[in-house]
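Worksheet: the structure to be examined is printed underneath.
The values are calculated or read from the model by the stated rules, or taken from the named source; none is laboratory data. Everything numeric here is computed off the predicted structure, so don't read it as measured data. Neighbour counts are summed over all protein chains in view; Cβ atoms, including those assigned to glycine, are modelled from backbone coordinates with ideal geometry.
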Amino acid sequence: MPREVDQNTDVRAVRERDLYLRLLNLGLCDDLEPFVEEALALITEVVGAHQGLLELGGAGTDFEDTPCWSTACGFSDAEVDTLRRVMSRGIIAEALSSGKPIITHSATEDERFEHRESVREGHIEAVVCAPIGHRVTLGAIYLQRRHEPGPFSEQDRAQVELFARHIGPYADRLLARTQSKQRSDPTAPFRQRLRICDVIGSSEALALVLNEASLVAPLDVDVLLTGDSGTGKSQLARIIHDNSPRAGRPLVDLNCAAIPEPLVESELFGALPGSHSTASRRVDGKVQAAQGGTLLLDEVGELSPTAQAKLLQLLQERVYYPLGSTRPVRANLRIIAATNVDLEAHVKDKRFREDLFYRLNVMQIRVPSLAERKQDIADLAHHFCAAACTKHRLRRLTFSAHLLSALKAAEWPGNVRQLSHAIEAGAIRAAGAGLLQIEHDHVFPSEPTLISKHGSPHDERPPTLQGATREFQAQLIRETLEEVGWNVVEAARRLEVARSHLYTLIRAFGIERSRR
């Protein structure tokens, strides 16, 4: 008998140690959304709950209204809507008002809750619920139905109560940071002024672009969009069009780099029958299709000299000639041109007409690279993950804290487009492995998860350019930290990076202080 008691004690001690370690890992989350999702996933696993809800709203929040942050697991989308509307609201309200955890073997038979409409509608049985926060209530954890038969135990209640108390400081810190960020979001004024959809981020760089867009959108002026490939120039063109007087008319996109040179002119201006070998009937060009609206000339720097001359006439006189026609056609449209090349350099090299450049360059807006809006990476990653899960009908996925740090530290030469594709691929790999959390290897499959203390990868695969860059960064950071005795403030000064970013890099590379 004593031996059996000892074994049970040992098992309980191991479980408690594992819970504390995972609680500490939760504290590494820098963003509220992954924190809420990972916290709920952890506690449902620990107590073996089939369904769960975690709500946060900050001190003084009226939880009869929509909480600031909420996540659920084990429910269908329809059930989540019902849950947030009526189901168990009475039980959660009781826990919030009393400040004490609640456990019931069957809510429908519990005299405290059996009369509540939400309990009867939801046919709620085994439930454990606890408020989050110690002196100030910040939210609640609600769990119902166990994977194993039977009700929740007193040990389950104690674990949920312990968990809720310990995540309180983390939640308080992230809520304060998030609410402060929302109040100081420099993009907020332009989001109120413009009709925009799926523009993710709150960086100063993004705010500058939205400001420029708000200035030019209501004016009938041609615009030149510049910036690296994958930064979102087409999306910005859509924003300008949707907020212009031409919004009710079409936005027509022509990728100048994807059309064979002999067909560029007919694609732009259309062609009459017999005007060239494949013109068996009249073909309307993109200019005609955009009549009354906006024509987006993507990769305009790739136009042939002949097409450039024809485009110049369109810009100057707003008339054009369909291929094979001698009669001019008047064009009523706005032109937005986009390019990822240096058009001024092309002008100097005689690859682009100088007069056309000045005609296009009436109002230029430069779209920033992802490197210039690092703080938007986490928000973009969550957006792309949700989109991938919806597109491929995957279960809802979250990011590990380590992966989020790695995403912020990584180089993204392909910018937002590359990040989007990487997250989509990572979601597919994680779901294919039957996981609910996307890890580093799912997004960066060709790179080592961590860099060893000696600066070499754990595997023997030849490094990619990005992998080699990360290895160099890790080694430089490690050496600098050792030189200054792990004084992070001094190390950040020497490396010329923000202290917060240095902490992110330390976590991303798995750098640890050497024991001597």
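Restrict the check to segment 205-212 and report whether at least one residue is among the acidic types (Asp, Glu), surrounded by 19 or more Cβ atoms within 10 Å (Cβ to Cβ), at pLDDT below 90 and in a helix (DSSP H, G or I). Spell out the reasoning first.
The first filter runs over segment 205-212 and keeps only residues among the acidic types (Asp, Glu), leaving 212.
Of the ones still in play, those that are also surrounded by 19 or more Cβ atoms within 10 Å (Cβ to Cβ) are 212.
Applying the additional criterion that residues be at pLDDT below 90 yields none.
Among the residues of segment 205-212, not one is among the acidic types (Asp, Glu), surrounded by 19 or more Cβ atoms within 10 Å (Cβ to Cβ), at pLDDT below 90 and in a helix (DSSP H, G or I), which makes the answer no.
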Q.
Can you report the number of residues in segment 76-133 which are at pLDDT 70 or above, under 22 Å from residue 161 (Cβ atoms) and not in a helix (DSSP H, G or I)?
A. 20
Q: Would you please list the contacts, defined by Cβ atoms under 6 Å and residues six or more apart or on different chains, that run from a residue in segment 409-421 that is not assigned by TED's automatic domain parsing to the domain that holds residue 498 to a residue that is in a helix (DSSP H, G or I)?
A: none
Q) Do we have residue 398 as of a type in the set (Val, Ile, Thr), over 22 Å from residue 210 (Cβ atoms) and in contact with a helix residue (DSSP H, G or I) (Cβ under 8 Å, 6 or more places away or on another chain) here? A) yes
**Q.** Qualifying position, being assigned to a strand (DSSP E or B) and either touching a helix residue (DSSP H, G or I) at 6+ places or on another chain (Cβ under 6 Å) or of a type in the set (Gly, Ala, Ser) (or both), among 336, 377
**A.** 336
Q.
For segment 237-262, give me the residue count where each residue is at pLDDT below 90, closer than 26 Å to residue 226 by Cβ and surrounded by fewer than 18 Cβ atoms within 10 Å (Cβ to Cβ).
A. 4
Q. So which residues in segment 141-179 are free of Cβ contacts under 8 Å to residues at least 24 places away in the same chain and not in a helix (DSSP H, G or I)?
A. 149, 153
Q) Given (1) in contact (Cβ under 8 Å) with a residue 12 or more places away in the chain; (2) farther than 30 Å from residue 29 by Cβ, where does residue 377 come up short, assuming only one miss? A) (2)
Q.
Out of everything in segment 187-198 that is at pLDDT below 90 and part of a loop (DSSP other than H, G, I, E, B), what residue ends up being nearest to residue 143 (Cα to Cα)?
A. 198
**Q.** Output for segment 424-444, where each listed residue is under 26 Å from residue 497 (Cα atoms) and assigned to a helix (DSSP H, G or I)
**A.** 440, 443
Q.
Cβ contacts < 8 Å: first residue without any contact (Cβ under 8 Å) to a residue 12 or more places away in the chain, restricted to segment 298-313; second residue surrounded by fewer than 17 Cβ atoms within 10 Å (Cβ to Cβ), any location; separation 6+ or different chain. Result?
A. 313/319
Q) Can you spot a residue in segment 224-238 that is farther than 23 Å from residue 318 by Cβ and charged (D, E, K, R)? A) yes
**Q.** So residue 216, is it more than 30 Å from residue 47 (Cα to Cα), in contact with a strand residue (DSSP E or B) (Cβ under 9 Å, 6 or more places away or on another chain) and surrounded by 14 or more Cβ atoms within 10 Å (Cβ to Cβ)
**A.** yes
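Just checking, which of 248, 232, 227, 292 is among the small types (Gly, Ala, Ser) and either more than 32 Å from the chain's Cα centre (by Cα) or not assigned by TED's automatic domain parsing to the domain that holds residue 213 (or both)? Let's see the steps before the verdict.
Working: 248 fails: either more than 32 Å from the chain's Cα centre (by Cα) or not assigned by TED's automatic domain parsing to the domain that holds residue 213 (or both); 232 fails: either more than 32 Å from the chain's Cα centre (by Cα) or not assigned by TED's automatic domain parsing to the domain that holds residue 213 (or both); 227 fails: either more than 32 Å from the chain's Cα centre (by Cα) or not assigned by TED's automatic domain parsing to the domain that holds residue 213 (or both).
After ruling out the rest, the residue left standing is 292.
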Q: Looking for whichever is of a type in the set (A, V, I, L, M), surrounded by fewer than 18 Cβ atoms within 10 Å (Cβ to Cβ) and at pLDDT 90 or above here; the options are 300, 287, 319, 223. Which one fits?
A: 319
Q) Just for segment 322-360: of the residues that are of a type in the set (S, T, N, Q) and surrounded by fewer than 16 Cβ atoms within 10 Å (Cβ to Cβ), which one is nearest to the chain's Cα centre (by Cα)? A) 332
Q: Identify, by number, the condition in (1) in the same structural domain as residue 216 (by TED's automatic domain parsing); (2) in a helix (DSSP H, G or I); (3) buried (at least 18 other Cβ atoms within 10 Å of the Cβ) that residue 388 doesn't meet.
A: (1)
Q.
Suppose we keep only residues that are of a type in the set (Lys, Arg) and under 19 Å from residue 92 (Cβ atoms) within segment 141-176. Which one would you say is farthest from the chain's Cα centre (by Cα)?
A. 157
Q.
Exactly one of these conditions fails for residue 489: (1) surrounded by fewer than 20 Cβ atoms within 10 Å (Cβ to Cβ); (2) modelled with pLDDT of 75 or more; (3) under 21 Å from the mean Cα position of the chain (by Cα). Give me its number.
A. (3)
